[in-house]
2 protein chains.
Amino acid sequence: MTTATARRTPADKHDERRRALADSALLTLGELGYARSSLREIANNSEFSHGVVHYYFQDKLELIVYCVRQYKATCVHRYDGVVADATTADGLVAAFADKLVETVVDEAPMHRLWYDLRSQSMFEDSLRDAVLQIDQTLEDMIWRVVSTYADLAGRPAALTSRVAYGLLDGLFQQALLGHLCGREGVLDELRAEVHDLMPVLLVP
Amino acid sequence: MTTATARRTPADKHDERRRALADSALLTLGELGYARSSLREIANNSEFSHGVVHYYFQDKLELIVYCVRQYKATCVHRYDGVVADATTADGLVAAFADKLVETVVDEAPMHRLWYDLRSQSMFEDSLRDAVLQIDQTLEDMIWRVVSTYADLAGRPAALTSRVAYGLLDGLFQQALLGHLCGREGVLDELRAEVHDLMPVLLVP
DNA sequence: GCGTTTCCTTGACAACCGTCAAGACTTTTC
DNA sequence: GAAAAGTCTTGACGGTTGTCAAGGAAACGC
């Protein structure tokens with residue numbers, strides 16, 4: 001046993017278990033949503049029993065907030081590669097649009113869970129802190145794309161990061177709903193919409 | 001009893017009661033959201049008892065869909081006056097932005113209920129038909145504003161009604177969340193954002 | 001190898017949910 | 001005014017929920 005693995009004993013094990021439990025829970029949450037996911041259902045879709053939740057989390061709310069925080073923590077780096085690899089403005093837009101479409105398809109359950117939680121935060125103020133923090137990291141994520149796009153295009157951005165995020169989020173949410181409803185062509189529409197929108201985010 | 005009031009006997013009374021019950025239910029739904037609104041809580045905040053719901057509605061889902069449909073039916077005409085009274089492009093934008101801000105403040109509970117229901121429809125397909133229909137009427141509502149704006153400005157719209165709705169809805173939703181979280185200046189921001197956005201919806 | 005701590009399961013609890021049947025009250029009809 | 005139809009209340013049902021205590025199982029320290 002090396003010192004590196006020996007270090008992983010006291011509270012690290014605890015955190016590791018929380019992460020594993022959250023990973024399991026995300027499967028159920030993405031399928032049923034916030035309100036209809038009971039702790040028993042979450043536990044049934046995992047390797048644990050329903051009682052273990054209260055050993056690692058204070059209550060249901062803490063578990064769910066932890067879950068979404070954990071997912072979004074990796075989510076916010078989705079476009080890092082797109083930004084890093086971009087050499088031209090048009091290339092960045094194309095890669096960004098493709099990645100958006102890809103995540104609508106591949107991670108639809110996680111995205112609808114996020115929108116579910118954000119809607120719930122409009123009613124439950126105990127959710128608002130976490131939602132506002134996550135929303136800010138998403139705004140920053142989008143802004144890294146837009147500001148890089150502005151640099152490559154040699155034109156400054158025409159609006160705030162807040163607006164840029166709001167606009168793109170609106171289109172994304174619309175596409176997600178359309179995709180989940182089985183609407184044809186919604187993915188190609190999203191791609192085209194992003195291609196149309198990005199240029200107008202910069203000053204002429 | 002005139003023939004006009006005598007006409008209001010068979011099924012009209014039934015519909016009238018449904019509307020009254022839905023009006024009461026909307027108060028609770030706007031306060032607690034879809035998931036946490038029980039039929040008993042809805043009934044407690046009304047003049048009826050909890051059993052009466054199943055006399056006028058088949059189940060909880062039908063009640064809630066009926067409620068949101070009823071609210072949105074009047075909601076989609078909110079900007080009709082703005083469109084009818086507009087004489088200049090800039091005037092239309094100003095009146096539209098003011099009206100948006102006004103409804104964020106005055107009808108926040110109803111709007112968050114709508115976003116709640118739309119999020120739930122991503123999980124429950126029994127909600128999707130109603131949500132998609134309502135969403136379409138909202139898109140049409142926005143398009144009446146944008147197309148009138150284009151006419152007054154003498155420039156054609158640069159994008160589809162779908163995109164216009166998606167963009168504005170994104171900003172609106174963001175402002176609503178900010179307003180409910182007590183963020184300062186969010187209303188003025190929304191007004192300014194709409195002023196910035198509208199011109200770019202038209203071809204240069 | 002034993003005692004202690006940590007981890008997890010099981011079972012029970014009180015509360016709440018949607019639904020519906022039984023019946024009381026009201027209104028209409030003849 | 002009695003009968004019928006419509007309207008609404010009450011109370012109960014089976015089921016599910018979050019929570020937690022009791023205790024078994026496993027890991028750990030010495």
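Here, each number is a calculation from the coordinates, and none is a lab measurement. Small disclaimer: the values here were computed from a predicted structure and weren't measured. Cβ coordinates were reconstructed from backbone atoms using ideal geometry, including for glycine residues, and neighbour counts include every protein chain displayed.
For chain A, count all C-alpha to C-alpha pairs, find those more than 25 Å apart, and express that count as a whole percent of the total. Don't jump to the answer; show the numbers that get you there.
Working: 9573 of 20706 pairs.
For chain A, the fraction of Cα-Cα distances above 25 Å is 46 percent.
Counting Lys and Arg as +1 and Asp and Glu as -1, each charge on the Cβ, what is the dipole of chain B about the Cα centre in debye, to the nearest 20?
Numbers: 21 positive and 30 negative charges, 127 e Å.
With Lys and Arg at +1 and Asp and Glu at -1, about 600 debye.
Based solely on its DSSP helices, what 222 nm [θ] is calculated for the protein assembly as shown when runs of n ≥ 4 H residues each add -39,500 (n - 2.57) and the sum is averaged over all residues, nearest 500 deg cm²/dmol?
After summing the helix terms and dividing by residue count, I get -24000 deg cm²/dmol.
Would you tell me the mean number of C-beta atoms belonging to other protein chains that fall within 10 Å of each C-beta in B:29-35, as a whole number? The partial results should precede the final answer.
Details: counts 0, 1, 1, 2, 6, 4, 7.
Mean shielding by partner chains, rounded to a whole number: 3.
Find, among the residues of chain A, the one whose Cβ sits nearest the axis of the rotation taking A to B; state the distance in whole Å.
So the chain A residue sitting closest to the axis is A:170, 1.
If contacts are Cα pairs under 8 angstrom and at least 6 residues apart, what is the relative contact order of chain A in percent?
21 percent
What number does the protein assembly as shown give for Rg over Rh if you use C-alpha atoms and the Kirkwood radius?
1.01
How far is it, in nm, from the label point at residue A:140 to the one at residue A:35 when both lie 7 Å from their Cα along the line to the Cβ?
3.3 nm
Place the label 7 angstrom along Cα→C-beta at residue A:27 and in each other copy, then list the distances from the first to the rest in nm, shortest first.
Copy-to-copy label distances at residue A:27, shortest first: 4.5 nm.
In peptide B:106-119, what is the residue-averaged number of other protein chain Cβ atoms found within 10 Å of each Cβ?
Across the residues of B:106-119, the mean count of other-chain Cβ atoms within 10 Å is 3.
Kindly give the distances from residue B:88 to its copy-mates, label point to label point, with each label point 7 Å from Cα along Cα→Cβ, as nm values to one decimal ordered shortest first.
4.3
Determine the principal axes of the Cα atoms in segment B:1-70, then give the extent along each, sorted from largest to smallest and rounded to whole angstroms.
The Cα atoms of segment B:1-70 stretch 44, 23, 19 Å along the principal axes, largest first.
Using +1 at the Cβ of each Lys and Arg and -1 at the Cβ of each Asp and Glu in the protein assembly as shown, identify which of A:44, B:121, A:178 lies farthest towards the dipole's positive end.
Of the options given, the answer is A:44.
Can you order the peptides B:26-36, A:15-25 by their average number of other Cβ atoms within 10 Å per residue, highest first?
By packing density, highest mean first, the sequence is B:26-36, A:15-25.
If each Cα of segment B:92-181 is one equal point scatterer, what is log10 of I(q)/I(0) from the Debye formula at q = 0.13, 0.20, 0.22, 0.24 Å⁻¹?
-0.49, -1.05, -1.19, -1.30
Shortest first, in nm, what separates the label point of residue A:151 from those of the same position in the other copies (7 Å along Cα→Cβ)?
The projected label point of residue A:151 is separated from its counterparts by 4.6 nm.
For segment A:41-46, take each phi angle, set θ = phi - 60°, evaluate the Karplus expression 6.51 cos²θ - 1.76 cosθ + 1.60, and give the result in whole Hz per residue in order, putting x for glycine and proline.
5, 4, 5, 4, 7, 10
Please report, in debye to the nearest 20, how large the charge dipole of segment B:11-98 is about its Cα centre when each Lys and Arg carries +1 at its beta carbon and each Asp and Glu carries -1 there.
For this selection, approximately 400 debye.
Where does each of A:48-55, A:160-167 land if you order them by average Cβ count within 10 Å, highest first?
A:160-167, A:48-55
Please work out the C-alpha center-to-center distance from segment A:38-115 to segment B:43-57 and express it in whole Å.
So the two Cα centres are separated by 40 Å.
Quick one: which residues, 5 or more positions from residue A:202 or on another chain, have an amide H under 5 Å from its amide H? H modelled 1.01 Å from N in the peptide plane, none for Pro or chain starts.
A:158
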